[in-house]
1. Please state, as a whole number in µm²/s, the translational diffusion coefficient that the Stokes-Einstein equation yields for the stretch 111-196 at 10 °C and 1.306 mPa s, with Rh defined as the Kirkwood radius across alpha carbon pairs.
2. Once each part is reduced to its C-alpha centroid, what is the distance from the stretch 84-154 to the stretch 188-203 in angstrom?
3. What number results when the radius of gyration of the stretch 201-344, computed over Cα atoms, is divided by 2.2 N^0.38 Å?
4. Taking 0.36 nm per residue of sequence separation and subtracting the Cα-Cα distance, how much length would be gained by fully extending the chain between A201 and A248, in nm to one decimal?
5. List the relative contact order of the stretch 111-196 as a percent without decimals, with contacts defined as Cα pairs under 8 Å and 6+ residues apart.
6. Can you tell me how much longer the chain between W152 and E185 gets when fully stretched, taken as 0.36 nm per residue apart minus their C-alpha distance, in nm with one decimal?
7. I'd like the antiparallel share, as a percent to the nearest 5, of DSSP beta bridges with both residues in the stretch 201-344.
8. What number comes out for the charge environment of L213, summing +1 per Lys or Arg and -1 per Asp or Glu over other residues with Cβ under 12 Å away?
Amino acid sequence: MSSPTPAAEPPPSDPAGARPAPPAAPDDPAADRGPGDPGPAPSLPADAPLTEAPVTVPAERRRPRASVVVLAVLLAVAVVAGGLGFFWVVTQLQEARRLIGDQQQQITDQQRRLDEQQEMIDRKEQFGTAMNDLYATIEPLVGLPYATIVPWYRVEDLADRAWIHRRNPAALDQDVVDVQRLTSEISSRSDGVSAQAASNASGTAWEATLDDLGRGWVSTVFEGATPCGATALACVSGAQPFTVHVRADSQTDPTMTDWIRTGAAYHEYAHVLQFTNPQPTDDALASFGGDAETMADCYALTFLDGWSLDHEVAIDAYSYYEVTVGYGYTCDAGQRQVIRDWVGQLGVTRQVVGG
Ligand SMILES: [Zn+2]
C-alpha cells in the first residue's frame, strides 16, 4: 500500500471535474492529429519488405479541400472574367473599326466635295474667261449702227443659264462652249462682212456712197439680171442685210446720173439700217404707215442735202429726161425728225448682262 496523495482540487471553473489535458510536448506528433488522423507512418527498418509498408495519405494533401473549392471558384471567375474581357476587347475593336471606317468615309466625302468645288471653280473661271473673250470681241463693234451684229439677248441668255447652272459642272461646261461659239459667230461674221466690203472696188457712185455710209460693212454687188424685180434699181434682202444688189445696167442707163445713183444708194442704205435694227425700225415705221420704202426715201431726203425724188436729166442742150426716183412721196418735216430720232437709237450699245 502506498500512501495516498492528496488530490488536487479542481479549478472552480471546471464544474465537471474534467482535468485539462496536459500540454503536449513540442515533439509529440500526436498533438496535431485530428480525431481520425492515424498520425505519421512508423518508420520502417531498412530491410523491411516494401509490400509491408502501410498505405497512408499524407496529411498535407487531404487538408485543403476548401482551398480547392476556392481555387476552382477563382478559376471559374477568372475564366468568366477573361471571357468577358475578351468580349469587351473584341467589341472595342469592332467599335474602333467602325469609327475608323466612318472617319475614312467622312474624309472621302470631304475630298469628293472639295473635288467638286474645285471643278466648279475651274468651270466658273472658264466661263468667266469665255465671257471676257466675248466682250473683247464685242467692244470694237460698239457704236456701229447695226444692232443685230451683237445679239445681246443671246449674251443675256447665256449669263442666265450660267447662273442657273452654277452648281452643275457639266451644264456649265456646255455654257462655256456656247459662249465660245457665239464669240466665234460674231467674230467671223464681222470679219467676213468687212472683208467682203473691202474687196469690191467698182469705183462707182453707188459703191463710194455705200462705203462711206456703211463704214466698211456694206458690199455693193452689180448683177446683170434683175435681182430686185423688173423695175427696182437696187435692193437689200433681210437674209444678207449688208449686201446691196444693184442692176448692172444702172451704170449705163442714160437716165441715170451719179447724183441719182448717190441718192438711190442712200435709200438702199436705209434698208440696211432697217434690217439690222428691227426694234427701233418697227417703232419708226408707225410714222410711215408701215411702209419701209417711203421711210427709206425719207432717210435720203433727210440726210442727203439737196436731194429730191424728181429729177431732170439733160439729153442735150434742148431736151431732158424727167426721172422720178423712189416711191412718189416726199416726207414732211415731222417725218424727217422721226428719221433723225430713229438713227439716233440705232446700233450696238455696250450692255451689262447678268446684273
Ligand atoms: Zn427700197
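Computed from the coordinates by the stated procedures, all read-outs in this text should not be read as laboratory data. Values in this document were obtained by computation on a predicted structure and should not be read as measured data. Cβ sites come from the backbone with ideal geometry, for glycine too, and all protein chains shown count toward neighbours.
1. On the way: Rh = 13.9 Å.
Roughly 114 µm²/s, to the nearest whole number.
2. Taking the Cα centre of each part, the stretch 84-154 and the stretch 188-203 sit 45 Å apart.
3. Numbers: Rg = 14.9 Å, N = 144, 2.2 N^0.38 = 14.5 Å.
Rg over 2.2 N^0.38 Å, computed on Cα atoms: 1.03.
4. The span from A201 to A248 would gain 15.5 nm if fully extended.
5. Details: 47 pairs, mean separation 38.1, N = 86.
Relative contact order here is 44 percent.
6. Working: separation 33, 0.36 × 33 = 11.88 nm, distance 1.31 nm.
Value of the extension gain: 10.6 nm.
7. Working: 9 of 15 bridges.
So the antiparallel bridges in the stretch 201-344 amount to around 60 percent.
8. On the way: positive: R215; negative: E207, D211, D212, E268.
Neighbourhood net charge equals -3.
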